[in-house]
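The structure appears below as structure tokens.
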Amino acid sequence: MFDVIIAGCGPTGAMLAAELRLHDVRVLVLEKETEPVSFVRIVGLHIRSIELMAMRGLLERILERGRQRPAGGFFAAIDKPVPEGLDSAHAYLLGIPQPVIVHLLEEHAIELGAQVRRGCAVADLEQDDDGVTVELADGEQLRSRYLVGCDGGRSTVRKLLGVGFPGEPSRTETLMGEMEVGVPQEEITAKVTEIRETDKRLSLGPAGVGAYRVVVPAAGVSDRAEPPTLEDFKQQLRAIAGTDFGVHSPRWLSRFGDATRLAERYRVGRVLLAGDAAHIHPPIGGQGLNLGVQDAFNLGWKLAAQIRGWAPDTLLDTYQAERHPVAEDVLDNTRAQMELLSTEPGPQAVRRLLTELMDFDEVNRYLIEKITAIGIRYDFGEGPDLLGRRLRDIDVKQDHLYGLLHRGRGLLLDRTEGLTVGGWSDRVDYLADPTAALDGPCVLLRPDGHVAWIGDDQQDLDDHLSRWFGKPN
């Protein structure tokens, strides 16, 4: 009997497993693939995801394997500089091979005590008042108190639950791969620059020694189960650029569509959804992996609290209440970005207008904060603007703030030196620091780094500790 079974060991599933293990939850991760993905697709960690890695002491090992670049030019590939003074100590994009980030997160979860079983596909599930019975493809049955589907856009768990997945199917598809080329880089740069004046969907850029990453629109919507061929890339390059650039020796080839869908519910009883199992959208803006990892961060401590027995009655419900609107916003901004990539006159006119508007710092900053998820504010009720937002990694006594959050616990940061966490000390840490750079006397942070309370009154603090961390011991 496990406390939680997680279906899927991608970034979301691995991150969730690690978060649960911080609270001594017995976790089993089931991955249907027998081996990790072999092709090396580069993904980007945005500012908020980088902050989360810092909160759990993972950032240094991830930085060693990634490449930093400016945190700008994301929105519809409109090239604008990064606004000055972004509210983060980690205001950059981190490019990292997807197999590497998945491996690092899985390794982290295993180090914390999670079990991972590969070659295990979920075939059926049945839940009752006490837990969930999971049946594997080979007939084996497993039992857990909760099940979380982190098993991708075609989620078996979501389908078995019967949760609706409304949205739009793919209207266009794009080919993407890494391969070698047969012409000089100068020729590629000149031709691609010329075409991208009117068509932003084409991209050819260096991807390591001797290889280029090629992104080119597909001819139509095809069977996603059928992988594209090198000849497909050549045909589309010739159709759009007038040359196939002599592409050859592919490392990997894939296609993606612009399907946009959002699960109607993130929870049915003891079964929950996270990551692509809960939402899919075009990859423009690079938000998908980040959105899933942030789902896991939001859910992990809440599900652990439920299992450990101290969760307030409504705490687990706040997972959907907080994350569903965030996903809605991501789906909407990717829809908008896809429209701005159209070569039709209307969308091109809107693109030119938005390009001008982004010269205003407030507009550029707003869009960057949206894409990188540092602009998120959860609805915690009336209060100062900081309430419900994440707190940046400020300097505190003998450390940085995020260095105090490695254990996945709450934190009271007290400038007055007069408050206490009392009977919640097994769930919430305390730091008295009159010099902390806070816009307020004291703040209570949830384990995900969001500000749950601001003030200086002990009774008011106790009420909010009870709201988020249950009854005191």
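Quick notes on this structure:
- For segment 396-456: rounded, prolate or oblate by the Cα gyration tensor [a/c cutoff 1.5]: rounded
- Semi-axis lengths, Å, segment 38-126, gyration tensor of Cα atoms, sqrt of 5 times eigenvalues: 30, 16, 13
- Of all accessible heavy-atom area on segment 153-230, the percent that carbon and sulfur account for (1.4 Å): 52 percent
- In a simple Cβ point-charge model (Lys, Arg +1; Asp, Glu -1; nothing else charged), segment 61-167 has a dipole of about 540 debye relative to its Cα centre.
- Phi angles across segment 187-198 convert, under the Karplus curve 6.51 cos²θ - 1.76 cosθ + 1.60 with θ = phi - 60°, into 3J(HN,Hα) values of 5, 4, 4, 4, 5, 5, 4, 4, 5, 6, 4, 10 Hz, Gly and Pro given as x.
- For ALA263, the residues whose modelled amide H falls within less than 5 Å of its own, excluding neighbours fewer than 5 places apart on the same chain, are HIS279.
- Counting only lysines at least 8 places from LYS32 when in the same chain, those with an alpha carbon closer than 23 Å to its own are LYS159.
- Structure-based [θ]222 nm, the chain - -39500 (n - 2.57) summed over DSSP H runs of at least 4, per residue, nearest 500: -10000 deg cm²/dmol
- Computed from Cα positions, the angle between helix 11-21 and the longest principal axis of the chain comes to roughly 10 degrees.
- Legend: Rg and Dmax of segment 284-401, from Cα coordinates, 18.2, 58 Å.
- Rolling a 1.4 angstrom probe over segment 23-122 with all protein chains present gives an accessible area of which 48% lies on carbon and sulfur atoms.
- Dipole check for segment 203-355: with +1 at the C-beta of Lys and Arg, -1 at the C-beta of Asp and Glu, and the Cα centre as origin, the magnitude is about 300 Debye.
- What the Cα atoms of segment 191-269 give is an Rg and a Dmax of 16.0, 55 Å.
- Shown are ARG118, ARG238, whose ranking by accessible area with a 1.4 Å probe and every protein chain present, most to least, is ARG238, ARG118.
- The overall shape of segment 51-98 is oblate: from the C-alpha gyration tensor, with semi-axes ordered a ≥ b ≥ c, the ratio a/c is 1.5 or greater and a/b is no larger than b/c.
- Amide H contacts of LEU125 (H built 1.01 Å from N, under 5 Å, at least 5 apart or other chain): GLU135
- Using a probe radius of 1.4 angstrom, the carbon and sulfur fraction of the accessible surface of segment 293-443 is 51%.
- Separation of alpha-carbon centers, segment 1-72 and segment 105-159, rounded to whole Å: 17 Å
- Share of pairwise Cα-Cα distances greater than 24 Å in segment 132-283 is 48 percent (whole percent).
- With protein chains left intact and a 1.4 Å probe, residues in segment 1-160 average 42 Å² of accessible area per residue.
- Using a probe of 1.4 angstrom and keeping all protein chains present, the accessible surface of segment 166-212 works out to 54 square angstrom per residue.
- Accessible area (Å², 1.4 Å probe, nearest 10) - GLU186: 140 Å²
- Percent RCO, i.e. relative contact order, over the chain, from Cα pairs under 8 Å lying at least 6 residues apart: 17 percent
- For the chain, share of DSSP beta bridges that run antiparallel, in % to the nearest 5: 70 percent
- When each of the peptides 165-173, 341-349 is scored by how many other beta carbons lie within 10 Å of its residues on average, the order from highest to lowest is 165-173, 341-349.
- Between 0 and 90°, nearest 10: helix 317-340 axis offset from the chain longest Cα axis: 20 degrees
- A simple charge model with +1 on the Cβ of Lys and Arg, -1 on the Cβ of Asp and Glu and nothing else charged puts the dipole of segment 1-132 at about 720 debye relative to its Cα centre.
- With a cut-off of 11 Å between beta carbons, the residues surrounding GLU168 carry a summed charge of +2, where Lys and Arg count +1 and Asp and Glu -1.
- Shape index of the chain: Rg/Rh, with Rg the Cα radius of gyration and Rh the Kirkwood radius from the inverse mean 1/r over Cα pairs, equals 0.98.
- Å² per residue, accessible surface of segment 219-372 at 1.4 Å: 42 Å²
- Charge context of THR260, other residues only, Cβ under 13 angstrom, K/R +1, D/E -1: -4
- Charge sum, other residues only, whose C-beta stays under 13 Å from ILE307's C-beta, Lys/Arg counted +1 and Asp/Glu -1: +2
The values are calculated or read from the model by the stated rules, or taken from the named source; none is laboratory data. Bear in mind that the values here come from a model prediction, so they are computed numbers and not experimental data. Heads up, the Cβs are rebuilt from the backbone with ideal geometry, glycines too, and the neighbour counts pull from every protein chain shown. Surface accessibility is based on the protein's heavy atoms, side chains included, excluding ligands, DNA and RNA. Shrake-Rupley method; radii C 1.70, N 1.55, O 1.52, S 1.80 Å.
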